[in-house]
Amino acid sequence: MKKTSLSPKAEALLQAHVEHTIQQIQNFDVIRAEVAAFFEQLTETPLSTLVPLENIQRIAKDRVLGVAPSNQLRTEIANIVKDALKNPEGNKTLISDLIPDATAEAVIGMISHDTTRRNAIIHEIFGNPTTGEVLSTTISHAIKDYMENNVVTKKIPGAAGLMKFGKGMLEKATDSNFDDALQNYLTRNIRNIMNISEKKTQETLSDKKVHRIAADLWAKYKTKSMSSVAQLVDAPTIDATSHIATVVWNHIRTHKYVQSIVSEGIAGWYARNSNRSLVELLADVNVTPEFIVAELEPALATDLKRLAENGYLKSRIEPLLRQFYASDAVAGIIAE
């Protein structure tokens, strides 16, 4: 930008103004007062006055759902997880140090008493044809193993021969080999077997039994260190997981259903909070004027001093003020 020539008096006023502004920028009493004044202004201003719902939804769609995470970001997140898992404090920290017994018991109680949802999951499992195939194959193998390798048949004279004789008779009667006959029987009756299995599983996994199983698991694992848990997740697994998560996110973020969920979620939040001030909303996440100043001061004090000393602040402030002092209005005032 070309430097505008000023009269000596205007130039002197400009330089004094620039120096004054630089000093004010570095004065945290001024910054503290400005932050407090800004928050006071926002106290009386509801969210709906500051920003309309449509703007928030547009930002969420364009800047959150509309932007694919870069490979660099994915890599950095994976590296952060790897570094966190290598933290030496993990050797001294037990799972129970992070999850108190009372919290674990509350979760166990919630899981063990959720009979309806548990039975629904069991029903889905036993209603799946794949489960039927697995169960049928398992039963078939168990019966054949019993008939061919049972210890009792080997200890009782003639028992093994009798079992083979029975198997031969069955094959002759069914005009098929024993394996096919058994498998055909299981195939015809697997639905009934599945229904019985579902009922027995629901009866076995009672609230009391589930509670005891979960409590036993908690007692077993709560004394393990966090490092021992971290060892279950190696670097290749973290890299693969981060890649898969990125692929999944890039697929779903453009889907109409996901965009609709985000839009409706924001609309619901906005409806509940549109009459609240920004100060109240910030206070929900513990952001107050005191917090902002306390966090800014240590970080900015040194940087502002450095920027003032190396001329950066002056190079940004002076051109803006020079335009003001070069204006006809200011020239007229100085000429009076």
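Restricting attention to segment 67-80, the residues that are part of a loop (DSSP other than H, G, I, E, B), free of Cβ contacts under 8 Å to residues at least 24 places away in the same chain and surrounded by 12 or more Cβ atoms within 10 Å (Cβ to Cβ) total 0. For segment 114-130, the criterion of being in contact (Cβ under 8 Å) with a residue 40 or more places away in the chain, over 16 Å from Trp218 (Cα atoms) and surrounded by fewer than 13 Cβ atoms within 10 Å (Cβ to Cβ) is satisfied by no residue at all.
Picking from residues in segment 131-144 that are hydrophobic (A, V, I, L, M, F, W, C) and surrounded by 12 or more Cβ atoms within 10 Å (Cβ to Cβ), the one that is farthest from Asp207 (Cα to Cα) is Ile143. Just wondering, is there one or more residues in segment 12-27 that are closer than 23 Å to Glu318 by Cα, assigned to a helix (DSSP H, G or I) and modelled with pLDDT under 90? Looking through segment 12-27, at least one residue is closer than 23 Å to Glu318 by Cα, assigned to a helix (DSSP H, G or I) and modelled with pLDDT under 90. Just one of the numbered conditions (1) part of a helix (DSSP H, G or I); (2) touching a Ser or Thr at 6+ places or on another chain (Cβ under 9 Å); (3) farther than 30 Å from Leu13 by Cβ is not true of Gln323: (3). Of all residues being exposed (fewer than 13 other Cβ atoms within 10 Å of the Cβ) and in contact with a helix residue (DSSP H, G or I) (Cβ under 8 Å, 6 or more places away or on another chain) in segment 6-37, which is farthest from Glu290 (Cα to Cα)? Just the residue, please. Looking at the filtered set, the residue picked out is Lys9. Only residues that are touching a residue at least 40 places away in the same chain (Cβ under 8 Å) and either in a loop (DSSP other than H, G, I, E, B) or of a type in the set (Val, Ile, Thr) (or both) were counted across segment 210-237, and they come to 6. Suppose the filter is touching a residue at least 40 places away in the same chain (Cβ under 8 Å), assigned to a helix (DSSP H, G or I) and closer than 30 Å to Ser274 by Cα; does Lys61 pass it? Spelling it out, Lys61 is indeed touching a residue at least 40 places away in the same chain (Cβ under 8 Å), assigned to a helix (DSSP H, G or I) and closer than 30 Å to Ser274 by Cα.
The values are calculated or read from the model by the stated rules, or taken from the named source; none is laboratory data. Quantities reported herein were computed from a predicted structural model and do not represent experimental measurements. Methodologically, a virtual Cβ is constructed for each residue, glycine included, from the backbone with ideal geometry; neighbour enumeration extends over all protein chains shown.
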